[in-house]
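Quick notes on the structure that follows.
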């Protein structure tokens, strides 16, 4: 019965801890779940994350008979609404037991929160925006998610659709396997493309990390500006993300495309630390950091986290050069597999390039929408 489910706003320190730890109980028997870092979740629950400069988040817990059985966040992204000329809300941080009365109560609460603010739709999951962990796993090969990608039971999608949501967009993940790719062939082909356009490559310069981060942000915001759902990170959000990731950056897993002395494209990969995080259960202290740092140079898989080419150069086919560079540098640093994610399902040119390189689409994550 839905009437016995009570949904309440997270207010106290105890509530915040309960919200953060609920997935540890729900996924206790799931061998593929990777606990998010406690410090990352706390940053959003504390209300001090730079996201709040342009957005608002309300966190909720669902209880039945005193037991916590679900959680959700109601989100307003003011930057998104201003840039897309919309009046929408988002939902995120969604977790539930397999009971549609519980999920209905959670979504009803988020809908009520949105209506109070004169918002006319719900979209998600984004936790809290498309620049962070996004999408609901709907199809794909079994196994743990790679770094900063979501994981959930496949029946979550049934719960979401049962409460009036419909598919809006799939975010696809492709896998590059060292054993399949003909690196010599792609190196030759991409070399011709780069040479024809007088483009060279250079590695990330970790001694100038802050300058490199701002350069990445400039290219990224330009390259993605016309993509579905894209809203640029604020400078403070980008700086916070860069600070969080700096210790995990491998200096050989990333480079820029340079034309006439100007950086026009880039890619950045991160070792798949989830292969270590799955053992840490979300705890970095006291010794989790040591395990991560020691693992940096021996992990044999990575996630291609960010990449892009400035709009004015996107007609030159330079994505082939980027992917060839990804594979080549990965091989040089003993990377045997790489996830390229996420790729919009409508981005056929990039998907086709990945397929030609030898990648396969192996997982899809869905964004849903519901009109209020």
Mind putting together the pair-distance distribution for the chain? All Cα pairs, 20 Å bins, whole percent per bin, short to long. 28, 58, 14, 0
Return one number: the angle in degrees, 0 to 90 and rounded to the nearest 10, between the long axis of the Cα atoms of helix 235-246 and the longest principal axis of the Cα atoms of the chain. 70
Could you calculate the contour length gain from residue 355 to residue 236, that is, 0.36 nm times the residue separation minus the distance between their Cα atoms, to one decimal place in nm? 39.3 nm
Looking at the range 1-124, what % of its DSSP beta bridges pair antiparallel, to the nearest 5? 85
Pairs of alpha-carbon atoms within less than 8 angstrom and 6+ residues apart define the contacts here; what relative contact order does the chain have, in percent? 23
Of every Cα-Cα pair in the range 175-371, the percentage lying beyond 27 Å is 31
Antiparallel %, DSSP beta bridges [both residues in the chain], to 5: 90
Relative contact order for the range 175-371: what is it in percent, counting Cα pairs under 8 Å that are at least 6 residues apart? 32
One finds, for residue 14 and residue 43 with R0 = 22 angstrom and r their Cβ-Cβ distance, a FRET efficiency to the nearest 0.05 of 0.75
Compactness check, the range 306-345: C-alpha Rg relative to the 2.2 N^0.38 Å globular estimate gives 1.32
Within the range 216-238, what residues put their amide N at less than 16 Å from the label point 7 Å along the Cα-to-Cβ vector of residue 168? 227-232
Over the alpha-carbon set of the range 104-163, work out the extent along each principal axis and list the three values in angstrom, largest first. 40, 26, 14
Across 10 Å bins from the origin, how do the percents of Cα pairs in the range 1-59 run, short distances first? 18, 41, 32, 9
Computed over the range 91-153: relative contact order in percent, which uses C-alpha pairs under 8 Å that are six or more apart: 29
Write down the Kirkwood hydrodynamic radius of the range 2-168, to one decimal in angstroms, obtained as one divided by the mean of 1/r over all alpha carbon pairs. 16.3
Which value, in Å³ per residue, describes the convex hull spanned by the Cα atoms of the range 145-289? 195
Helix 319-332 versus the longest principal axis of the chain: what is the Cα-based angle in degrees, 0 to 90, to the nearest 10? 90
Tell me the angle of helix 13-26 to the major Cα principal axis of the chain, expressed in degrees between 0 and 90 and rounded to the nearest ten. 70
When the chain is treated as a GNM, springs tying every alpha-carbon pair under 10 Å, which of 16, 64, 178 comes out with the largest mean-square fluctuation? 64
With -39,500 (n - 2.57) per DSSP H segment of 4 or more residues and division by the full residue count of the chain, the 222 nm estimate, nearest 500 deg cm²/dmol, is -11000 deg cm²/dmol
Most fluctuating residue of 12, 126, 201 in a GNM of the chain with Cα springs under 10 Å: which is it? 12
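No value in this document is a laboratory result; all are computed from the given coordinates. The shown structure was predicted, so the numbers you read here are calculated from the model rather than taken from an experiment. For neighbour counting, all protein chains shown are included, and Cβ atoms are generated from backbone atoms with ideal geometry for every residue, glycine included.
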